Structures are given as C-alpha cells and as structure tokens.
Amino acid sequence: MDARRIHYLRAMGVTPWISRTAAEPEPAPLTADGPEPVPLTRRAGSGSTSQDPLALDGMDLDALRASVAGCRRCPLHESRTQTVFGVGAAAADLLIVGEAPGAEEDRRGEPFVGRAGQLLDAMLAAVKQTRTTAYIANVLKCRPPNNRDPSAEEAACCAPYLQRQIELIQPRVILAVGRVAAHRLLEEDLPLGRMRGRLHTYGAQRIPLVVTYHPAYLLRRPSEKAKVWQDLLLAMSVFDGAGQ
C-alpha cells in the first residue's frame, strides 16, 4: 500500500480497503439483499421546455451537456450562473450521484467542490479512484436558491438528463450520496440510515447501487465517517464480484 493512500485514509480516520484479489484479508461483505427500485420516469415539468425529453435518447454526453446548458424546463434557469453537468470518465465503473450544485459549484460549473469536494476526493483516493476515473453528477443540474432541497418538480424536470447520463456511462456501481439522491434514484422515502449498508439495484439493467451519507454531512458529523467507509467497501466489493 502506497504512502499517499495511507495518508488519505488517515485523514478520513478509517481502515484501508484491500482488494479481494490481494493477499491481505478484507472485511466480510455486508448483506446484499435489498428491494428492487422503481426506474426513473420521464415526467414533464412545468414552465417552458427546450425540448421533448424523449429526444435525449440519441444524444452522446457532449450533446447532452449542450442540451442541459440550454435547459429552461424549470424556473431554476432564471437564477443559475451556469449549469453543472458532471465530471469524470465517460465510461466510468463508479458513478457518484449527489443532490444539487451549491454556490461554489454554480460559480465553477463543477460538482462537489469546496470542503465537501475535498472530502469526497479523499474518499475516492482511499479506494484508488479519482474524479477523472469515476464520474460525478447531481440529481439537479442547476443550483436551488439558498441551497435548499430540490423540489419534486425540479427533480422530475432533471430526471431525463440524469437517466441519460447513466445510460451512456453504464457504470458498474452507483454511489448515491445523501438523502435526496437516494430517494430520487430508488423512488423510496425511507430514512437514509435504513437505506445504507446493503446493495440496491437501479433500473432495468439492475445496476448495483449503494447509499451513503453526503460529504457535507460528514463535515458536521465526522463520527459517521466509519459508516461511510463501510459503504465504500460495499460499493467496491461489486468490482470483485462479491455484490453480484
């Protein structure tokens, strides 16, 4: 194990992940049974629309990004500085989905920046991932005023964009960070604590999905980092076939 990875793990206050193929033992896998989610639906939002969401089916990531940049499907376009589409590898094995851009994300056009973004980077580094090898996106592509939670209408307007991103990236596992992302992807309203700790599946392809706490929450409750580390272990176990 290299010194840089150990540094990241110590910064998180957790034990390092060891691949199933490595010589060192790894923690026992968590239970992988969970309810089957309802796939995202293509519901139309109110307000003016730039295009029929069904027209997204033929778009690649670049065309989809341009479509998002010009989106007027909900009132959030009136207050945004710019849209925040996502960053990372176009064919990433790991897809991270958060809830919505904040003020700094709105200014820079990139998801998960600032202190929460730095913590997410450390989490990724601990499992040998980066924001260039994974893919990071949000449920919403525009910042809600005052960083409030996305409304159901706003999430519905953005749903076709996120769904198309997932179709194009085809990740091997999805990590839903935070309550809003978990509820939207799984179409459930259980407390986050009851959704984490086991594998769910997303969509017709039954992509393994793991729920965990948002990095911003960990900044307020650092004692929960150990739970997030267990969630990361569960997500990474999919790559070794433990979650299949």
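The values are calculated or read from the model by the stated rules, or taken from the named source; none is laboratory data. Because the structure is a prediction, the values reported are computed rather than measured. Positions of Cβ are backbone-derived with ideal geometry, glycine not excepted, and every protein chain shown enters the neighbour counts.
Annotations
Quick grid of which residues meet (1) under 21 Å from Ala182 (Cβ atoms); (2) at pLDDT below 90; (3) among the polar types (S, T, N, Q):
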site: Arg10; (1), (2), (3): no, yes, no
site: Arg20; (1), (2), (3): no, yes, no
site: Gly34; (1), (2), (3): yes, yes, no
site: Gly86; (1), (2), (3): yes, no, no
site: Arg107; (1), (2), (3): no, no, no
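- Check on Arg184, touching a residue at least 60 places away in the same chain (Cβ under 8 Å), among the basic types (Lys, Arg) and either surrounded by fewer than 17 Cβ atoms within 10 Å (Cβ to Cβ) or over 23 Å from Leu64 (Cα atoms) (or both): no
- One residue alone among Arg164, Arg206, Arg143, Arg107 is loosely packed, with under 15 Cβ neighbours inside 10 Å and within 18 Å of Val68 (Cβ to Cβ), and that residue is Arg107.
- Glu167 being of a type outside the set (Gly, Ala, Ser) and at pLDDT below 95: no
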